[in-house]
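The values are calculated or read from the model by the stated rules, or taken from the named source; none is laboratory data. Predicted model, so just to flag it, every value in this text is computed and none were measured. Counting neighbours? That spans all protein chains shown, and the Cβs are built from the backbone with ideal geometry, glycine included.
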């Protein structure tokens, strides 16, 4: 905003009229020496306030140094001036982004007599550009996560198929392998169904078949769906369902989908051995369902955008079961289609979280008891497998046992380090995204204690930088899921040779 003499209104009055842009003139030192109508209309500064260098008070303090820096360079070179920064916009009561341009007017000796310039409001343009950059980054992150999430079920499926090839039909492991394939195919189907559902909601094409139901029915279905995941993470789970029926107008499968998503989220984002509760109450004509956990919590900055599509409280890489970032968007869409609301609360990172769903009640009679929980089943070179996806870990372990190896399983990075110290494996197959300690940190610890052990990263992340990071962490090899039996067999042959040479 720099350049001067006494301008008559007629010299630039026409430039001050369009609201997105106004003109200004300063002397060679950047002082306003005469009233600037456009500047005053934009900033609300009276002439006495903006004269001289008073205009600086209307510029955001963080942007002023760069503006002056650019001006000094332009002054030294007698060149056009350009900068961008936030200027107070009185009509809207906020700072807005402006593009500032000026040219020097020279005197007879070639020195700068004044600067004549414009300020152009580019706030919307910059905001839109930023939104597009964020959307583009989210799209790239989503595609990487989608590839990761689809690879994860493929690994146990592929291993189970190999088990079926080498085991007899009447072998108990054959039935077990078939159940793994069925479960993982179901998981992939749910993943794709969620993706399609959230797209249908966005387009207004999802159908909800509402009927009068006792809310306990979809809640119990949700608990049945989520119980294996809660058990696999070793969480203490408590459901507090009311004795009286809470009657709502809803689509039972869709409401079960809502509550299962919230319970699964609580299981995934709570460290092993945590606590998850589900409580239901009638409050002021509404059925209120609260899903609480004592997990990793949610940062205040994330809360406002938590229910937007592709948003996650933490990157999926940091949580192996982080998912696609569409679950909460789907929850909100389905709840709103039932005339209800959903909110998230957290006191911050490490303080747990609570999700509250409110649905309108239509009546309240009869009684409905809760259901008991099912129990999860626990599962000869020495090989340690670490993966917090139980199916991936167990199928790989059975595959290794069929090959004749002795196997131990760890569910997270810390457990892998502890088991490695006592089990003294010849090879360790580590997932990267695990709770408590990720695969990179676990590899460093194991490498320090067992320098001769073969370390293999087994992960859904397969970009060049992921491979590089794995090698820096001490891994000997980096395999991308799904991993074939031949790959594992070939790598373990190295460990067999190393063992024989000791």
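Observations on the model:
- Scanning segment 104-114 for residues that are under 20 Å from residue 23 (Cα atoms) and surrounded by fewer than 15 Cβ atoms within 10 Å (Cβ to Cβ) turns up just one, 106.
Yes/no per residue for (1) part of a strand (DSSP E or B); (2) at pLDDT below 95; (3) surrounded by 15 or more Cβ atoms within 10 Å (Cβ to Cβ):
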| residue | (1), (2), (3) |
| --- | --- |
| 2 | no, yes, yes |
| 7 | no, yes, yes |
| 10 | no, yes, no |
| 13 | no, yes, no |
| 23 | yes, yes, yes |
| 30 | no, yes, yes |
| 41 | no, yes, yes |
| 87 | yes, no, yes |
| 98 | yes, no, yes |
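- Unique match (being assigned to a strand (DSSP E or B) and surrounded by fewer than 18 Cβ atoms within 10 Å (Cβ to Cβ)) among 82, 117: 82
- Restricting attention to segment 410-455, the residues being surrounded by fewer than 19 Cβ atoms within 10 Å (Cβ to Cβ) and closer than 16 Å to residue 380 by Cβ number 2.
- Matching strands (runs of 3 or more DSSP E) fully within segment 217-299 where at least 3 residues are modelled with pLDDT of 90 or more and under 24 Å from the mean Cα position of the chain (by Cα): 275-283, 286-293
- Check on residue 462, under 22 Å from residue 155 (Cα atoms) and surrounded by fewer than 19 Cβ atoms within 10 Å (Cβ to Cβ): yes
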